[in-house]
Every structure is written in C-alpha cells, then in structure tokens.
Amino acid sequence: MPESPFVVELTRDLIQLDTTNPPGHEDIAVELIERVLDEAGISSQRYENARGRSNLVARLKGRGEAPPFLLQGHVDVVTTVNQEWAHKPFGGEIVEGYLWGRGALDMKGGVAMMVNAVLQAKAKGGAPGDLILAVLADEEAGGNQGAKFLVDKHPDLFKGIKHGIGESGGVVQHLGGKRFYPIMVSEKRGCQILATLRGPGGHGSIPAHGGAMAKLGALLTTLDTAHLPVHITPPVRLLLEGMRDALDEPWKQRIGSLLDPNLADATLSELGPLGRNLDAALHNTVNATIVSGGLKVNVIPSEVSIQLDGRLLPGFGPEDMLSELRAVIGPDPELEVQLVGPAQPEVDLSQFDLLASILREADPGSVPVPFLVTGGTDARHFARLGIRTYGFLPLNNPPDFNGSTTIHAADERVPVSALEFGAHCVYEAVMRYRG
C-alpha cells in the first residue's frame, strides 16, 4: 500500500487550527483546504449562514460513467477545557508513530482523507462520476450552521447524488483474534426530554423530605440502574450475525447470545469495553445531562428540572421512548419530548459490498460488518435529500490502542500509518463507485 504523507501533513495542519465549537471559526480551516484545492486547479465555493462559520463545497468533474458521489466531513471540534493532555491539544505533534491533537479522529483526519482522495482523482483524470466535497461547520452542535444550512438553502449543490461517505465507520475492532471493520449504514435519532419534578418548598433551615430534590435523587438513581428493553434492529442483527459467524468459541456463543433479547443484557456485562457500545446499539437510551433548580442556598426549591439526552433506534419514535421510560420511572415526573433531526430512512446496503471488498483487499483476513452509529452525524441532514451516507473512514489501529476512549476526551490521537491506510481506502472507494 503506497504511503500518503500528504494526508498526515494536512491532518496536522488542520489540528493546529483551533476550531473549537463554540464559537467554531471553521473559516480558518476552510481557508486552508480552499488553498490546497486551488493549488491543484479545483474550484470551490464558500457558504456561510453566520460570520466565520464557513462551509466549503467543491465539485470535481468525473468521466460521466457513474452518478455523482458525496464526501462530507466537518472541521469543527469539541472543547478541550478542563482536560489534561500529555501533548498540546492543538500542537499536531507526532510522537512515537501517533499524531496527537483535538480532531485527529473526530474528524480532521477524515476530512484530510477526503481531500486527498479528490486530489488523487484529479491527478488520474477524474473519478467515474463527479466528486462533491463538502467541508462542513457546526456538526458538533447539530449542524445548523453547516449541513442543515446547506441542505435547507442550497440543495441544488447536491442534485443527483445518491450515495456518499462520512464519519463514524471503518475503524477496526479487535475481538477474539479477528479484525472487524464496522461500516456505518444507519444511526440513532436524538430524542431530548425535559423532566420536571415538583414538591413543597420552604426555608433551608427546616428539614425537608420527599420534595423535588428527593424526587430528583430517586430519578437519577433509577436511571443509573435500569435498562430499557432490548431491540434487535436490522443493522444490529447483521452486525452481530457477521461477528458471530467469524468468531471461534467462546466469543461465538457470547455474541450469539446478544441476538436473544432474554439473554442480551446479562451477556453485555461479560464483553468489557465492547459491551458498552453494543449496549447502546441494542436499546433506546437516555442519560441525564443538565440539572436546573433552586435560586438561593437557603430556599428549598419547589421545582427542579432535568434534561435527558435520549437516543432512538431506527424505527422507533417519541411515543416508544415515553412508554419505555414511564415503565421504569413511573408516572410522577412531567415529561416533555423534542425530537432531533429527521427520521432515519430504511437501511441501504447497496454499496456495502463495494466498501467491504476494499477493506478485505487492504487488510486480508479482516471481516467488514454493517454498523449502527449510536450517536448522530451530519448524515441525517443529507438523508433529507435522498442521499445515503456510509460511515467509511477506515483506520487499522493496533490492538493495544482504543481510540474511541479519546474522542471528545483528552489525548485524542491517531496512528500515522492508520491515516495512510484510510486515505488509500477512501481513494479506492471514490474510484470504484458506480452507483
């Protein structure tokens, strides 16, 4: 596999630009990529919904043998505040074979892979179809200044596109001596919930029992210990069956047990770090994130509210979340629900075999599997235009490196060799796509 020093250099240069959202200032990263594309003779255009929140869209003419293909990725990153890093989060240092910094994995490395693929395609006379590169703002805050803005206000930029690639897929998972590459084919939908608890208020000097604060404590304890029901959705069934069939005992039996709703929860506890991700893939989930209540230290509040970050599996709606949540917490808290983003379309596997074949060639003996992303990505916005996004930014990380624990956390980093591996795979995807 040829080395691709360009993808490492561009990732490093992007990391060194602080695009923490908020406030974003994605324009500084867009300016860099704009300059790189211009030097290669590829024209691009900026689109802004707010000052400094630039998006960049470039179109490379293809050979007319396939439909246009989308490569979309964001250049904003999450905060590093109150995190202790071993190396500067915006230093872009390469230490012992790893490139360190915020965005190395999420997702300036992925954007660099996409830019690299477009440049290589240009050097080869173009891909089979037009390539549309969308460098996006604001994904980490929902995409209102980025993908949502472009889809709402500039849909003609994406006319004729049926498929594309984006983040959250292709990172190797080591299990039972096998190497699995999950390719994202679907994702969960946000379902935000506001719970309001009420009780008698009073003076802070008088003991109080059973009030709003006590109810809050009981609610948090319940959420910490309870599980919502297990659901085996089509993409998760395909994932688990693919893993089970590739594994030897005892992992074959363990993964197979997850296909039985009556055994799944007990089995998850046996799977270590893997169980945490599969837990989210098998359940509608809810986590308490923000608590509000009380105005003075000497006044017992009569009302407390708590915001819950809920995530819905494909095929489920807010009524399902409320029903499952009520069965756990009871009737007392008042609940208000707000959905985040559009409903997910049916799973499309039409390009899975293409992407899987690229991975099998790049890493012989590996096992690509379909995958459900348990968070949310900009794919949901492009889905409103009928574009099906596959999470495909491969990284062949070594077994002793679990990069997922560094995403949004301290010491985010990526192996230099894995970036080069991913750049090769993304280039092969754009050159082999036929629609």
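Residue pairs whose Cβ atoms lie under 9 Å apart, separated by 6 or more positions or on different chains, with the first residue in segment 206-230 and in contact (Cβ under 8 Å) with a residue 12 or more places away in the chain and the second exposed (fewer than 12 other Cβ atoms within 10 Å of the Cβ) and part of a helix (DSSP H, G or I), are L228/A327; P229/A327.
So, of the residues in segment 321-339 that are more than 19 Å from G199 (Cα to Cα) and either aliphatic (A, V, I, L, M) or modelled with pLDDT under 95 (or both), which turns out to be nearest to the chain's Cα centre (by Cα)? Spell out how you get there, then give the answer.
At the first step, the residues of segment 321-339 found to be more than 19 Å from G199 (Cα to Cα) are 321-328, 337-339.
In the following step, the residues that additionally are either aliphatic (A, V, I, L, M) or modelled with pLDDT under 95 (or both) were identified as 321-322, 325, 327-328, 337-339.
Values: M321: 21, L322: 25, L325: 25, A327: 29, V328: 28, V337: 22, Q338: 20, L339: 18 Å.
Filtering segment 321-339 for residues that are more than 19 Å from G199 (Cα to Cα) and either aliphatic (A, V, I, L, M) or modelled with pLDDT under 95 (or both), the one nearest to the chain's Cα centre (by Cα) comes out as L339.
Whenever a residue of segment 377-398 is at positive phi, its partners that are not in a helix (DSSP H, G or I), lying with C-beta atoms within less than 9 angstrom and at least six residues away or across chains, give the pairs G386/I161; G386/K162; G386/P345.
Among S4, S43, which is the only one that is polar (S, T, N, Q) and modelled with pLDDT under 95?
Numbers: S43 fails: modelled with pLDDT under 95.
Residue meeting the stated conditions: S4.
You will find that of S269, S292, the residue that is hydroxyl-bearing (S, T, Y), under 30 Å from D400 (Cβ atoms), in the same structural domain as C191 (by TED's automatic domain parsing) and exposed (fewer than 15 other Cβ atoms within 10 Å of the Cβ) is S269 and no other.
For every residue, the table says whether it meets (1) assigned to a helix (DSSP H, G or I); (2) crowded, with 21+ Cβ neighbours inside 10 Å; (3) at positive phi.
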{"residue": "A104", "(1), (2), (3)": "no, yes, no"}
{"residue": "G109", "(1), (2), (3)": "yes, yes, no"}
{"residue": "A117", "(1), (2), (3)": "yes, yes, no"}
{"residue": "L133", "(1), (2), (3)": "no, yes, no"}
{"residue": "E140", "(1), (2), (3)": "yes, no, no"}
{"residue": "G143", "(1), (2), (3)": "no, yes, yes"}
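Among the candidates G52, G41, the residue that is surrounded by fewer than 19 Cβ atoms within 10 Å (Cβ to Cβ), assigned by TED's automatic domain parsing to the domain that holds R388 and either closer than 23 Å to T377 by Cβ or of a type in the set (S, T, N, Q) (or both) is uniquely G52. Pairs linking a residue in segment 415-435 that is not assigned by TED's automatic domain parsing to the domain that holds R102 to a residue that is polar (S, T, N, Q) and surrounded by fewer than 23 Cβ atoms within 10 Å (Cβ to Cβ), with Cβ atoms under 8 Å and 6 or more positions apart or on different chains, do not occur.
Residue by residue, here is whether (1) within 13 Å of S54 (Cα to Cα); (2) within 16 Å of the chain's Cα centre (by Cα) holds:
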residue: R102; (1), (2): no, yes
residue: M107; (1), (2): no, yes
residue: A112; (1), (2): no, no
residue: G126; (1), (2): no, no
residue: A134; (1), (2): yes, no
residue: A137; (1), (2): yes, yes
residue: A141; (1), (2): no, yes
residue: F149; (1), (2): yes, no
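Taking segment 247-264, which residues are part of a loop (DSSP other than H, G, I, E, B), within 21 Å of Y181 (Cα to Cα) and in contact with a strand residue (DSSP E or B) (Cβ under 9 Å, 6 or more places away or on another chain)? Those that are part of a loop (DSSP other than H, G, I, E, B), within 21 Å of Y181 (Cα to Cα) and in contact with a strand residue (DSSP E or B) (Cβ under 9 Å, 6 or more places away or on another chain): L247, D248, L258.
The values are calculated or read from the model by the stated rules, or taken from the named source; none is laboratory data. Everything numeric in this text was worked out from a predicted model, so none of it was measured. FYI the Cβ positions are ideal-geometry reconstructions off the backbone, even for glycines, and counts take in every protein chain you see.
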